[in-house]
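Reading through the structure tokens given below for one structure.
Here, each number is a calculation from the coordinates, and none is a lab measurement. Remember, predicted model here, so these are calculated numbers, not experimental data. All Cβ positions, even for glycine, are placed from backbone atoms using ideal geometry, and neighbour counts span all protein chains on display.
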Amino acid sequence: MADTDPTASRKLDHVRIVLNEDVAAKGVSTGFDAYRLPHEALPELDLAAIDTRTRFLGKPLRAPLLISSMTGGARDVQRINLALAEAAETLGIAMGVGSQRAAIRDAAVAETYQVRRVAPGIPLLANLGAVQLNYGYGVDECRRAVAMIGADALILHLNALQEAVQPEGNTQFAGLLARIEHVCRDVGVPVIVKEVGNGISAATARRLVDAGVWGIDVAGAGGTSWSEVERFRHTSAGGQRVAAAFAGWGIPTTESIIAVRAALPTVPLIGSGGVRSGVDVAKALALGADLAATARPALSPAAAEHGAAAVIEELSAWLAELRIAMFCSGCADLAALRRVGLARG
């Protein structure tokens, strides 16, 4: 069956643009460069014994890393999700799939998200756009998304800016919190709310948690800009101009992590948005995140001919960087890393 559904076509546009165009945020930084881990010249540690293990959604992880939601819904990207999942299983890290709206609309593309056969042991996250709860979706569709992939939790993503500048965007966000609360109460799995690259404030995170949300993924500004992605999809100069005006919009990732952790000390917190190395992972955890997440750096290797091997090679380097950053700052395990003080400048 050909991918004639407009949602599937949009998914292919997104992958093509992210792989081939400059869609980095402009005029805003994640803030990671403003922080330094303290160097310990005499760590009194064995590098080989550095412990990066943790647990997430009741499952063990060998490292505190999540391959963040990217794609699905079109046959041409099925191999990307399989490559990402195989790498996640090999490395012992978590993974989220892209928005499953396309498969809710057309069951024929559900298989493009179904990766459990290559990743039976990892925490796996289903994903729907929260705004779809204002366009006819409800608990039933959320349960279908979870069941479709055998997920351990459901991500509801917030992408108000992307929808506002998208040619076919869904922009009815009024009354959405009450619908999120209903899903949290009845869907049967933990719900994580994430942004897509513009950050979540402490006040918004608190409202979400009060509504029953289990965890927050800040997905702050400074990495991939989805207003920039949508700029490349516009065919009119006016649409491109409007989208370009928001390339620097949002809360920087580091600011969002710090603020949300201060407001919600015990809530599971994922730090994402422009995480580009294992050193960034270490900084995100030191600032208060439980896990760090990345998307775009894994997409290009996943799209390569030997996708899983390329993703494993890329992210293995990240995990080596994380371990060395911990070793050279005197942190034997993640608990120590979360206690270490970061210096500014």
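For a straight C-alpha distance cut-off of 17 angstrom, no lysines are reachable from Lys26 once same-chain residues fewer than eight places away are disregarded.
The aspartates and glutamates whose alpha-carbon is closer than 15 Å to the alpha-carbon of Lys59, local same-chain residues fewer than 8 away aside, are Glu89, Asp152, Asp290.
Springs join every pair of Cα atoms under 10 Å in this Gaussian network model of the chain, and among Leu65, Leu57, Leu322 the largest mean-square fluctuation is at Leu57.
Summing Lys, Arg as +1 and Asp, Glu as -1, what charge do residues with Cβ under 14 Å from the Cβ of Arg261 carry, Arg261 excluded?
Neighbourhood net charge equals +1.
Here the Gaussian network model covers the chain, with springs between Cα atoms less than 10 Å apart; of Pro167, Pro64, Pro268, Pro167 fluctuates the most. For a straight C-alpha distance cut-off of 13 angstrom, the aspartates and glutamates reachable from Lys283 (same-chain residues fewer than eight places away being disregarded) are Asp33, Glu255, Glu321.
Quick note on the stretch 128-258: its Rg to Rh ratio, both from C-alpha atoms and Rh being the Kirkwood radius, is 0.99.
Taken one residue at a time, the phi angles of the stretch 54-59 give Karplus couplings (6.51, -1.76, 1.60, θ = phi - 60°) of 7, 10, 8, 6, x, 10 Hz. Gly and Pro are set to x. Taking the DSSP bridge list for the chain and keeping only pairs wholly inside it, about 20 percent are antiparallel. A Gaussian network model of the chain, with springs between Cα atoms under 10 Å, assigns the largest mean-square fluctuation among Ala25, Ala237, Ala130 to Ala237. Backbone geometry of the stretch 237-244 corresponds, through the Karplus equation with coefficients 6.51, -1.76 and 1.60 at θ = phi - 60°, to 3J(HN,Hα) couplings of 5, x, x, 5, 5, 4, 4, 5 Hz, x marking Gly and Pro. The HN-Hα couplings worked out from phi for the stretch 29-40 by the Karplus form 6.51 cos²θ - 1.76 cosθ + 1.60 (θ = phi - 60°) are 10, 4, x, 4, 5, 7, 10, 10, 6, x, 7, 10 Hz, whole numbers, x standing for Gly and Pro.
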